[in-house]
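The values are calculated or read from the model by the stated rules, or taken from the named source; none is laboratory data. These numbers come from a predicted model, not from an experiment. Positions of Cβ are backbone-derived with ideal geometry, glycine not excepted, and every protein chain shown enters the neighbour counts. In case anyone asks, the SASA skips ligands and DNA or RNA and just uses the protein heavy atoms, side chains included. Shrake-Rupley method; radii C 1.70, N 1.55, O 1.52, S 1.80 Å.
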Amino acid sequence: MPRRAARPIWISALALLIGAASLVARWPERGLWYDETVNAYFASQSWSDLWKWTARIDNQVPLHFALLKLWASAAGTSEFALRAFSALCALLLLAGLIALGHRAGGRIAAGWWAALAFIPAQSFVYAAFEVRPYALALALFAWSSALLWGLWTRCGARAGPLERSCGALFAAALLTALALLYTHYTGALALAALASYFGWRALRAPSRRRIALLALWGGGLAIGFLPWVAALAGRDVRAGTAYAGHIPPADALRTYVEFFAYGQNTLAEADPPRYAWAIAALVAASIPLWWAGYPRSERAWKRALFAVLALLVPLVTLLVMVYGVQGKLSGRHAWPAWLGAALLLGLGLDALRRLGPLSWLARAAFVGVIALPATANLHPLYNSYLREAFATIEQQAAPGDVLILRDGTLFTAASYYRATLPWLGLPPEPITDVNRFLFLPEALDELAPFLGENNARRAWMLSWQGHIMDPQNLTAGLLELIGARQPVARGFGDVSLALYTLHAAPNAVSERVQALEPLAEAPGGGPTLLGGYLLNPDPIQRGAPLLIHTWWERGAQVVPGLRVSVRLYGADGQFYAQWDQPPVSPTFGQELWPPGVPVLSRFDQLAVPADMPPGPAEIRLMIYDIGGAFEPFSVTLAALAVQE
């Protein structure tokens, strides 16, 4: 091979080596967070379980699950092995980005710079280590784009008989695009960018061959995805996946830009730096840089337009969807736009060659800005220590222990981290449903036989985002009534772990709630306060937290402005502490309460102040309406004794 021809290969290999070295240097030590445990769990399950999960339970397409399962059969299911699959896909992404940048810039150097600009981005780090489909999807987007472009150039734009390789090239372009659709539903946004670009090219210079090529490609995608559409027949894949509402475009755009800059992290600084918008400014500045540094030919700008569309088509479509279709906002869903941003950065960096020797300083500054978020005080958005929580349970478990998951979706984490205790999910749902809630009758029906069958003496409770389907925190409330909480040595980030020594059967809860005598009813047909109690034993030391349960029942009318002020009064008649909120929680309105079912409103935010005088005290509830619909009134809930 001539030396001049070999040079691009070696530089491309060097770029991939830099990418690999950066991943090795940044390899995470943390365990998996919940979403990753789903993919990790099914990597070791049967094909029928995988099919049932993707086609009947969750709303995910199956290719990443299938490929990860095949990978795990050879490499194992350790955290390292599963992350290695994503890291390998990230390197394939960089190779595809080099090939695609060559097409968009007309020079392979544009591809090199696109890859080098993306390597320090926190979004690249996220995709490379997340045990989820994003690295695979990005790699497929890059390669399906490069292959379709090659097909367009070699077999669609040239006159004369087709080359023999056109059939194989068409098959490769179609299969990678179809694989993208089967990797993540938002792959449709990436394909929309492809269709927009090549559709525009076909309309601008129409020919029978070009139109036939795109029609065959689009028809092949439709036919290839039809079996999956048939498999989902009768399912609403959006049901229960997000709260109703509209996300303002400005809020959504900020989320997408910040995720590209910071990955799945948040800035801990009180006055955070604006690195995300600095990077966004660089992406935008790449367009005039390209205009100044590239030959201003029609061919050049037609190439570069792909990068613009790859950025804008997914981004604009998402902004419209989260505002007008479903308010499900997650920064990672804009992953197709990351490819367009990387391509634009590559074009801008390549255009800086016109600066001569100064170009390397300018490029270093460019890439340095992209790397700035790594120097910030980044905290994981999901600061989960599931691995450590399950390890603590295993280390400290005793005969008669059981595990209660708040909620059942955590079965993947319990199974992946090999929990050996008998466990129960409350509610026992395998997937989060924002319209599904746990209530007292179901909780008792599930808990009573589970504790009895296992002769439970202690119960561990593990929770991660349990408030979605258990907004009353009934799980903790029931265990607090039938047991005594024991200290657990450490915290686990956004994972909550508690241990209770049990001293009563669950039917004691039903008996206690039924014995309550209604204390008050909100005027205007509002909910009834059935009563409540203080769980702390007397006397209570100053500084000790208070644990209060109140029980409510839905009224004939919903009173949206209803608030409860829990107040601690001393023997001198003064109140020393208070906590105000709607009954139950601000996110669980009365319209969601079923008629005739007691609803728990649990308070653990109050503590006995250090300056409160010792002696008798009492807890009172001040019930009021924030709109002044009725006169506030007070109800005495419980007496207590404060000890020095």
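Scan the stretch 205-219 and tell me whether some residue there is under 22 Å from Leu312 (Cα atoms) and either in contact (Cβ under 8 Å) with a residue 12 or more places away in the chain or part of a helix (DSSP H, G or I) (or both).
Yes, because at least one residue in the stretch 205-219 is under 22 Å from Leu312 (Cα atoms) and either in contact (Cβ under 8 Å) with a residue 12 or more places away in the chain or part of a helix (DSSP H, G or I) (or both).
Of these, Ala239, Ala233, which one is modelled with pLDDT of 80 or more, assigned to a loop (DSSP other than H, G, I, E, B) and either of a type outside the set (Val, Ile, Thr) or surrounded by 13 or more Cβ atoms within 10 Å (Cβ to Cβ) (or both)?
Ala233
As an exercise: evaluate Ala72 against (1) of a type in the set (Gly, Ala, Ser); (2) farther than 27 Å from Ser384 by Cα; (3) touching a helix residue (DSSP H, G or I) at 6+ places or on another chain (Cβ under 8 Å); (4) without any contact (Cβ under 8 Å) to a residue 60 or more places away in the chain and give the number of the one condition it does not meet.
Of the numbered conditions (1) of a type in the set (Gly, Ala, Ser); (2) farther than 27 Å from Ser384 by Cα; (3) touching a helix residue (DSSP H, G or I) at 6+ places or on another chain (Cβ under 8 Å); (4) without any contact (Cβ under 8 Å) to a residue 60 or more places away in the chain, the odd one out for Ala72 is (2).
Quick check: anything in the stretch 358-372 without any contact (Cβ under 8 Å) to a residue 40 or more places away in the chain, within 29 Å of the chain's Cα centre (by Cα) and over 30 Å from Val495 (Cα atoms)?
Yes: one or more hits.
Can you tell me which of (1) open to solvent by 20 Å² or more (accessible area, probe 1.4 Å); (2) in a helix (DSSP H, G or I); (3) at pLDDT 95 or above; (4) farther than 26 Å from Ala195 by Cβ is the one Phe65 doesn't meet?
It is condition (1) that Phe65 fails.
For the stretch 347-425, list the strands (runs of 3 or more DSSP E) that sit wholly inside it and hold at least 3 residues that are modelled with pLDDT of 95 or more and not β-branched (Val, Ile, Thr); which are they?
401-406, 423-425
I'd like the full set of residues that are β-branched (Val, Ile, Thr) and either closer than 18 Å to Pro594 by Cα or in contact with a Cys (Cβ under 8 Å, 6 or more places away or on another chain) (or both), limited to the stretch 499-526.
Val513
Could you check how many residues of the stretch 78-95 are surrounded by fewer than 18 Cβ atoms within 10 Å (Cβ to Cβ) and either closer than 18 Å to Thr412 by Cβ or charged (D, E, K, R) (or both)?
Count: 2.
Starting from the stretch 132-156, take each residue that is touching a residue at least 24 places away in the same chain (Cβ under 8 Å) and list its partners that are outside any helix (DSSP H, G or I) and surrounded by fewer than 23 Cβ atoms within 10 Å (Cβ to Cβ), counting only C-beta distances under 7 angstrom and pairs at least six apart or across chains.
From the stretch 132-156, the pairs are Cys155/Leu162; Cys155/Glu163.
Restricting to the stretch 572-582, give me the number of residues that are open to solvent by 70 Å² or more (accessible area, probe 1.4 Å) and touching a strand residue (DSSP E or B) at 6+ places or on another chain (Cβ under 6 Å).
Of the residues in that region, 3 qualify.
Looking at (1) under 26 Å from the mean Cα position of the chain (by Cα); (2) closer than 20 Å to Asp350 by Cα; (3) part of a helix (DSSP H, G or I), which is the one condition that is false for Ser86?
(2)
Determine whether the stretch 29-42 contains at least one residue that is in a helix (DSSP H, G or I), open to solvent by less than 10 Å² (accessible area, probe 1.4 Å), modelled with pLDDT of 95 or more and over 22 Å from Tyr385 (Cα atoms).
No, the stretch 29-42 contains no residue that is in a helix (DSSP H, G or I), open to solvent by less than 10 Å² (accessible area, probe 1.4 Å), modelled with pLDDT of 95 or more and over 22 Å from Tyr385 (Cα atoms).
Counting just the residues of the stretch 258-275 that are of a type in the set (A, V, I, L, M) and surrounded by fewer than 23 Cβ atoms within 10 Å (Cβ to Cβ), which one comes out farthest from Leu347 (Cα to Cα)?
Ala270
So, in the stretch 35-56, of the ones that are hydroxyl-bearing (Ser, Thr, Tyr) and under 20 Å from the mean Cα position of the chain (by Cα), which residue ends up farthest from Val131 (Cα to Cα)?
Only one residue tops the list, namely Thr54.
When you check Pro560 against the structure, is it free of Cβ contacts under 8 Å to residues at least 40 places away in the same chain and under 33 Å from the mean Cα position of the chain (by Cα), yes or no?
yes
Of all strands (runs of 3 or more DSSP E) completely enclosed by the stretch 455-561, which ones contain at least 2 residues that are within 30 Å of Pro380 (Cβ to Cβ) and open to solvent by less than 20 Å² (accessible area, probe 1.4 Å)?
458-463, 496-502
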